[in-house]
Amino acid sequence: MLAKVSSFAILGVKAFKVQVEVDLSPGLPMFSTVGLPDGAVRESKERVRSALINSGFAMPVSRITVNLAPADMRKEGAAFDLPIALGILAASGALDPCALDNLAVVGELALDGAIRPVRGCLTMAVAAGQNKFSHLLVPETNAQEAAMAENISVLAAGHLLQVLEHLNKVKPLPEVKADMAAIQAGLNHPGLDLADVRGQEQAKRALTIAAAGGHNLLMVGPPGSGKTMLAQRLPGILPPLTLAEALEVTQVASVAGILPPDQPLLTQRPFRSPHHTISDAGLAGGGTIPRPGEISQAHHGVLFLDELPEFKRAALEALRQPLEGGRLTVTRAAASLDFPADFMLVAAMNPCPCGYFGSNQKPCACTPQQVRAYLTRVSGPLLDRIDLQVQVPAVPFSHLAGQTDGISSRTVREQVVKARSIQEKRLRPFALFRNSQMNASQTRRFCALNDSSLKLLELAMRRLNLSARAYSRILKLARTIADLDGQADIGPAHISEAISYRSLDRQIE
């Protein structure tokens, strides 16, 4: 007898429908799975067998064939355990096959029949709604996560027997609803406070400008000057996540397997800080079928690269495409996938190998050749894509011991939100939201300069030998500074401040 159960599989950050077909036929007892299963899927036969027996069911003494359609797409993970078990029960007559109509099922089985969580459940729930299913059955641990999806009724179970009681109409499972009040409250919480950072007023100003326009930022300074502390507070001054952005962020985290079990929806902007030993595959996304890497996990948030020159050259060059387009294409032997990668890059580095070039704390032990070689580890094309380059000197003792707190994250966030609203109104006809997204024609249109500003920029271009990309970055940055000041026109002061944030260009020239 043949039974069919609908399920979903993950490909990139999206899910696609999988029809689990279970056929019981006469012959020697055996269990085979076809349809391009990976190792975890092939091993499901042992988990399913034990779960059925330990739940009080006899394993059919027949030839069992499981087909995962479409057969030309590779399937990964253990999410097909529960659909396969239900298919076997339906094909053997222990379950009415009609009970599985218009129902999608995902879940991993423990050997005792308990249902374990799976990654990518929110993405599967979104796909189930798009495929017009009325109900989606998920593990209890994934219930709140899946309930965030629209147009789908979510049912949750913790054991195989609970699922059978529901399908046999003995004890229906309740529909799971998301706690929207708690979610909305979490979306407005700023997190770490910028007031904790003493001194560093120039760096705080640069951080505010970066947040206001969505610009990339590089901080250069000696060890212990507060670069990491500043970077960690950037998500708190960015505009709060919208519900749509929170859903995108959560889907990426769920697919990547980093979604905390007690957080069905991520309400704070991501802050990813990979170690400098990370490979290019770890940063961009790796695996036979690629999963989201650190770049995609920072979507709608911040990617912080500490000790920037210590990262492998191949890893840093992987940043070029997403920094320009907000998307990342990863090609492997099995698939070529497109990942979301709309993030802010914040990097930090020492001014030299020993870290004390130009510092009053300690004399630098590096030769000029060593300093230059260290700085040039960051390629010119990557440096061109970083709008702000700011010096972060050591903090004087008087600032550290002072009792006055600095400006709070809430206050800065209000300034940033106000500037962003100006940009959104200006760029709405182009479906853009911030100045850093403008293309060349939009930059020319919205960053027009008067004669004095134009002369100042021309002089800086010649003296600093800046590239055409750096020219465009300066214009966008000046536009953001003017927006923060509430000015419709870009003046010489805005251009001058924007040029001042090209400090590393002056050192490397």
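For this structure, a couple of remarks:
- The share of alpha-carbon pairs in the stretch 421-484 lying farther apart than 20 Å comes to 27%.
- Cα-based equivalent ellipsoid, the stretch 161-221: semi-axes from gyration tensor eigenvalues, Å: 51, 13, 11
- Amide H within-cut-off set for R63, under 5 Å, with H built and near neighbours excluded: S25, G27, M30
- One compactness figure for the stretch 218-258 is 1.63, namely its Cα radius of gyration divided by 2.2 N^0.38 Å.
- A convex hull fitted around the alpha carbon atoms of the stretch 354-509 yields 146 Å³ per residue.
- The stretch 251-343: C-alpha gyration tensor shape, a/c 1.5 cut-off, then a/b vs b/c: oblate
- For the stretch 142-255, the average shadow cast by the Cα convex hull is 10.6 nm², which is a quarter of the hull's surface.
- Accessible-area composition of the chain, carbon plus sulfur, in percent [1.4 Å probe]: 53 percent
- Here is the tail figure for the chain: Cα pairs spaced more than 29 Å apart come to 58 percent of all pairs.
- The stretch 99-129 and the stretch 172-239: distance between their alpha carbon centers, rounded to Å: 34 Å
- If you take the Cα centroid of the stretch 330-385 and the Cα centroid of the stretch 19-94, the two points sit 50 Å apart.
- DSSP beta bridges in the stretch 1-88 [antiparallel fraction, %, rounded to 5]: 75 percent
- About its Cα centre, the dipole of the chain is roughly 1300 debye, where the only charges are +1 on Lys and Arg Cβ and -1 on Asp and Glu Cβ.
- In this simple spin-label approximation, A440 and S50 carry label points 7 Å from Cα along the Cα→Cβ vector, and these lie 6.2 nm apart.
- Based on C-alpha pairs under 8 angstrom that are at least 6 apart in sequence, the stretch 347-427 has a relative contact order of 18 percent.
- Pairs of Cα atoms farther than 13 Å apart, the stretch 347-415, %: 75 percent
- Per residue, the accessible area of the chain comes to 43 Å² when a 1.4 Å probe rolls over the protein heavy atoms.
- Dipole of the chain, positive end: most advanced residue of V18, L164, Q415 [Cβ charges, Cα centre]: Q415
- Dipole magnitude (debye, nearest 20) for the stretch 421-491, charges at Cβ of Lys, Arg, Asp, Glu: 280 debye
- Fully extending the segment from M30 to N465, taken as 0.36 nm per residue of separation minus the present Cα-Cα distance, adds 149.4 nm.
- Each peptide in 355-367, 278-290 receives the mean, over its residues, of other Cβ atoms within 10 Å, and ordering these scores from highest gives 278-290, 355-367.
- The listed peptides 160-167, 89-96, 264-271, ordered by packing as a protection proxy, come out as 264-271, 160-167, 89-96 (highest mean of other Cβ atoms within 10 Å first).
- Helix 201-213 vs. the chain, principal-axis angle (Cα, 0 to 90°, nearest 10): 50 degrees
- For the stretch 6-143, the Kirkwood hydrodynamic radius comes to 14.9 Å, computed from all pairs of different C-alpha atoms.
- Relative contact order of the chain: 13 percent, from C-alpha pairs under 8 Å at least 6 residues apart in sequence.
- For the stretch 76-148: rounded, prolate or oblate by the Cα gyration tensor [a/c cutoff 1.5]: oblate
- Computed packing ranks the peptides 171-179, 476-484, 129-137, 104-112 as 476-484, 104-112, 129-137, 171-179, most packed first, by mean other Cβ atoms within 10 Å.
The values are calculated or read from the model by the stated rules, or taken from the named source; none is laboratory data. Everything numeric in this text was worked out from a predicted model, so none of it was measured. Cβ coordinates were reconstructed from backbone atoms using ideal geometry, including for glycine residues, and neighbour counts include every protein chain displayed. In case anyone asks, the SASA skips ligands and DNA or RNA and just uses the protein heavy atoms, side chains included. Shrake-Rupley method; radii C 1.70, N 1.55, O 1.52, S 1.80 Å.
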